[in-house]
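Participant: Mind having a look at this structure? Questions to follow.
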Amino acid sequence: MSNTLRFKCYHCIHCCFFVSIDEMPIILEDELHNLKLKADEYGINLNITKLCEGFYKLVIYGFCPFYDIQERRCRIHEVKPLSCRIYPLLINLKTRDIHISLACDWVIENLDMLTSNNVDVEEVFKYEVENIKTLYRKILNYTHRY
């Protein structure tokens, strides 16, 4: 099975704009320190709420404060949370189900190919899937600790 389709971020802004609490990024305990350091560096006040032991929610209405609107890029790409690194894949932390966001312009453009039987979705989203695996490992570590 030949698969040349690969996800390519179009920098379309949809992943970094939030209107509901369900869309907002989950922050793991070990990501919190770097995020706060970057916030201090940029003079940003973060609104973070604790979900449960080891898990936090970055509460954002509108654009992420780390998103450079004019450049259409994340200013903290090197330390952005795993929940951001997996986009356009989305994970439901309660059920651990994985979905593909229909807000992403690239996904919409390639939806017919993504839903065909001859596409290996794990290969299309190779980088994002690797980050999901890392996220799953961390989730398991947190849930086993508490």
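The values are calculated or read from the model by the stated rules, or taken from the named source; none is laboratory data. As the structure is a computational prediction, the values presented were derived from the model and not from experiment. All Cβ positions, even for glycine, are placed from backbone atoms using ideal geometry, and neighbour counts span all protein chains on display. With ligands, DNA and RNA removed, areas are computed over all heavy atoms of the protein, side chains included. Shrake-Rupley method; radii C 1.70, N 1.55, O 1.52, S 1.80 Å.
Participant: So in segment 94-110, with the set limited to residues that are under 14 Å from the mean Cα position of the chain (by Cα) and among the β-branched types (V, I, T), which one is least open to solvent (accessible area, probe 1.4 Å)?
Facilitator: I100
Participant: While we're on this one: Go through the residues of segment 111-127 one by one and say whether even a single one is open to solvent by less than 90 Å² (accessible area, probe 1.4 Å), of a type outside the set (A, V, I, L, M, F, W, C), on the phi > 0 side of the Ramachandran plot and modelled with pLDDT of 90 or more. Reasoning before the result, please.
Facilitator: Step one: filter segment 111-127 for residues open to solvent by less than 90 Å² (accessible area, probe 1.4 Å), giving 111, 114, 116, 119-121, 123-125.
Those still in the list that are of a type outside the set (A, V, I, L, M, F, W, C) too: 116, 120, 123.
In the following step, the residues that additionally are on the phi > 0 side of the Ramachandran plot were identified as none.
Checked segment 111-127: no residue is open to solvent by less than 90 Å² (accessible area, probe 1.4 Å), of a type outside the set (A, V, I, L, M, F, W, C), on the phi > 0 side of the Ramachandran plot and modelled with pLDDT of 90 or more.
Participant: Does Y87 satisfy the criteria of being in contact with a helix residue (DSSP H, G or I) (Cβ under 8 Å, 6 or more places away or on another chain), of a type in the set (F, W, Y), touching a residue at least 60 places away in the same chain (Cβ under 8 Å) and surrounded by 17 or more Cβ atoms within 10 Å (Cβ to Cβ)? So that I can check it myself, show each step before the final result.
Facilitator: Working: in contact with a helix residue (DSSP H, G or I) (Cβ under 8 Å, 6 or more places away or on another chain): yes; of a type in the set (F, W, Y): yes; touching a residue at least 60 places away in the same chain (Cβ under 8 Å): yes; surrounded by 17 or more Cβ atoms within 10 Å (Cβ to Cβ): yes.
Answer is yes for this residue.
Participant: Quick check, is I21 among the hydrophobic types (A, V, I, L, M, F, W, C), open to solvent by less than 30 Å² (accessible area, probe 1.4 Å) and outside any strand (DSSP E or B)?
Facilitator: no
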